[in-house]
Structure formats: structure tokens, C-alpha cells
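Below is one structure, written out as C-alpha cells; comments come after it.
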Amino acid sequence: MLLMKQKMMDKYTQPALVEGLLAVAKKAGAYIRKERESFSYENVEHKGFNDLVSYVDQNAERIIVEGLSGLLPEAGFLAEEGTAEEGNQAIKWIIDPLDGTTNFVHGIPVFSVSIALEVNGVLTLGVVYEVNRDECFHAVKGQGAFLNGKAIRVSPATSLSQALIATGFPYSEFDKLPAYIHVMQFMMKNSHGLRRMGSAAVDLAYVACGRVEAYFEYNLNAYDVAAGALLVREAGGR
């Protein structure tokens, strides 16, 4: 049984699949970068009052789904914009095609492509491609985390007093704001400070490579954090 599980895991972490995944993420990123040059606010739609989406998110997701379907036909999808049928949920790609849409819409150059592969509830592959910096973070379960092909590790800091903390601001459930602000006040008083990048995937990638020591936010979805969580774990964090 253990040998069978290992063979299955090897199938989903093989180098050819990893390289294909990175190529798909970069292809979607190139499309996003090109569209940003001529993007107009008139193309923005609202999933909620302050939850923005555009044709760029949707088309980037289609590019990703098409590419991943060719790499791993048996896999299903959990994708933010819902452009793909869910399919096989035991083996699935978890996709945020444009994490940081609000930044993208307003021309703030911090947004990313985030893709993870989950096999029977275990994250096995993850990529976060920060589009404008051309930084491609990826992780393979049991093999480590990497930035543009070079191994990365989390910060060696051991106390909050040595830490720079990343966070995100809530888009909903504002009844939790008092508790959230209380945590922020504590962090501000006891750390090197707070940073808010506007992309959960980028925040977690920065934890993985040691640029920030920790990240906290509430009310997130699997597609926001799946790839970044694997990056952090494989870089020695938790």
C-alpha cells in the first residue's frame, strides 16, 4: 500500500509535470501583463461591492485550464472564476488566475498567478508567478521550494521582535474588524511592522523566501492560499 501511494505521488511530482506547470503559469502571466497595458476600468465587473473581476481574470483562467488539461487530463479543477467543470476532485488543480485583481485594476504592479495540485487531499505542487517582477516561485512536496530555480528558505528569525509581518484587509465579515484591528495593533507594537501587498499568494511566497516572517488574514479561500501554503511548508515554515 505504501509503495502504491509513493508511486502515485511520484507521478504527480515528476519533473516534466513541474516544467509544464511553470510554463502554463508564465503563459497566463504574459497574457495578464500584456492586457494591463491597455486595460480600462470600464471592463471591471463586481462579484461584490469591493470584490472586483474582469475579462482578464476569466481569460487567464481559460489559458491555465487549457494548459493544465493537456498536462494531466484526469485532474479536475477548483478555479476562482468557475470557467472549468469541476471534474475529478480527488486529483485537482486549485487555481487563482489573477490574485490581486484590485491591484491590477488600479495599476498597482503587485499581482500573481497561483496554481496548486492536490492529490487525495495532499498538496503536491504549487506555483506562484509574480507577473511584473517575473519571479516564479514553485514547490514540490518533499523536494523543497524555489524562486526562479534557486532553493529558498523561510527567515531564520525566531521572535516577533525580529519580524516583518504581511497581512491583508478584509472584503467582508466586517463584524470581525474590531478583533482584527486588535491583532494589528499588537503586531505593530511588537514587530518591525506590517505590510499589505494585496495578493495573498505573493504574501505567502514572500514568507517562503524570507522577505517577511509571517502572514495573517481571515476569510480566505483555498485558491487564495493553496500554492503559497505549499511554498511555505517546503521552505521550512509552517
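Nothing in this text is a laboratory measurement; each read-out follows from the coordinates by a stated rule. Since we're looking at a predicted model, the values are computed, not measured. Glycine also receives a Cβ, built like all others from the backbone with ideal geometry; neighbour counts cover every protein chain displayed.
How large is the dipole of the chain about the Cα centre if only Lys and Arg carry +1 and Asp and Glu carry -1, each at its Cβ, rounded to the nearest 20 debye?
Here the size comes out at about 980 debye.
What does the charge count around Arg195 come to, taking other residues whose C-beta lies under 14 Å from its C-beta (Lys +1, Arg +1, Asp -1, Glu -1)?
With Lys, Arg at +1 and Asp, Glu at -1, the net is -1.
Under 17 Å between alpha carbons, and skipping anything fewer than 8 positions from Lys47 in its own chain: which aspartates and glutamates qualify?
Those aspartates and glutamates meeting the cut-off are Asp57, Glu61, Glu80, Glu81, Asp96, Asp99, Glu173, Asp224.
Based on the alpha-carbon gyration tensor of the chain, what equivalent-ellipsoid semi-axes (square roots of 5 times the eigenvalues) come out, in whole Å, largest first?
27, 24, 16
Whole angstrom only: what separates the Cα centroid of segment 98-142 from the Cα centroid of segment 20-78?
So the separation of the two Cα centres works out to 11 Å.
Select from the chain the helices, each a whole stretch of DSSP H, whose alpha-carbon atoms run 15 Å or more along the helix axis and whose Kyte-Doolittle mean is at least -0.5; answer none if there are none.
Those that pass (Cα extent of 15 Å or more, hydropathy at least -0.5) are 15-36, 55-71, 177-190, 222-234.
Can you sort Glu135, Glu234, Glu37 from fewest to most other Cβ atoms within 10 Å of each residue's own Cβ?
Lowest count first: Glu37, Glu135, Glu234.
Quick one: compute the contact order of segment 1-151, relative version, from alpha carbon pairs under 8 angstrom and 6+ residues apart, as a percent.
20
Radius of gyration and Dmax for segment 160-235's Cα atoms, expressed in Å?
Rg then Dmax for segment 160-235, in Å: 12.3, 35.
Sort the following peptides by mean Cβ neighbour count (other Cβ atoms within 10 Å, averaged over residues), highest first: 70-79, 112-121, 223-232.
223-232, 112-121, 70-79
How do the peptides 159-171, 17-29 rank, highest first, by the average count of neighbouring beta carbon atoms within 10 Å per residue?
Final packing ranking: 17-29, 159-171.
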